[in-house]
Amino acid sequence: MKTITQREFRNNAASVMDQVEAGESFYVTRNGVEVAQVSPVARRRRLSAEELVERHRRLPRVDSAQMREEADEFFGGEDRVGDDERG
């Protein structure tokens, strides 16, 4: 990890940030004392469509009738939107 002074960071911020974006990390010093660390943010890569489909296939099956029953118990199912008894 590189060490730069506060002045170098201020005067060369664009260059430093370009290097950080490329994966470099820096300690920033003030009066010879390390006061900050500038590092890239860990980013998760985007998944491909095939990876998303495979993840979807591994999800557990949902029993919609049981889920509705549990939701009605928890929230009270007497006033659900769209349940007209007018037939």
Inset, instruction - Of the listed values [x] 18, 53, 26, 3; [y] 13, 21, 12, 14, 13, 16, 9, 2; [z] 18, 56, 24, 2, grab the one calculated as P(r) over Cα pairs in 10 Å bins from 0, in percent from the structure here. - result: [y]
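What is the extension gain from Arg45 to Asp18, computed as 0.36 nm multiplied by their sequence separation minus the C-alpha to C-alpha distance, in nm to one decimal?
On the way: separation 27, 0.36 × 27 = 9.72 nm, distance 1.97 nm.
That pair, Arg45 and Asp18, stretches by 7.8 nm at full extension.
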Legend entry - Nearest-10 value in Å² for the accessible area of Val35, using the 1.4 Å probe: 90
Inset, instruction - Hey, can you find the accessible area per residue of the chain for me, probe 1.4 Å, expressed in square angstrom? - result: 95
Legend entry - Most mobile of Ser39, Ser48, Ser64 in a GNM of the chain (Cα contacts under 10 Å): Ser64
Inset, instruction - Tally up the carbon and sulfur contribution to the accessible surface of the chain as a whole percent, 1.4 Å probe, everything protein left in place. - result: 48
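The values are calculated or read from the model by the stated rules, or taken from the named source; none is laboratory data. Here the structure is a predicted model, which is why all the values come from computation and not from measurement. Quick note on the areas: whole protein, heavy atoms, side chains included, nothing else; ligands and nucleic acids left out. Shrake-Rupley method; radii C 1.70, N 1.55, O 1.52, S 1.80 Å.
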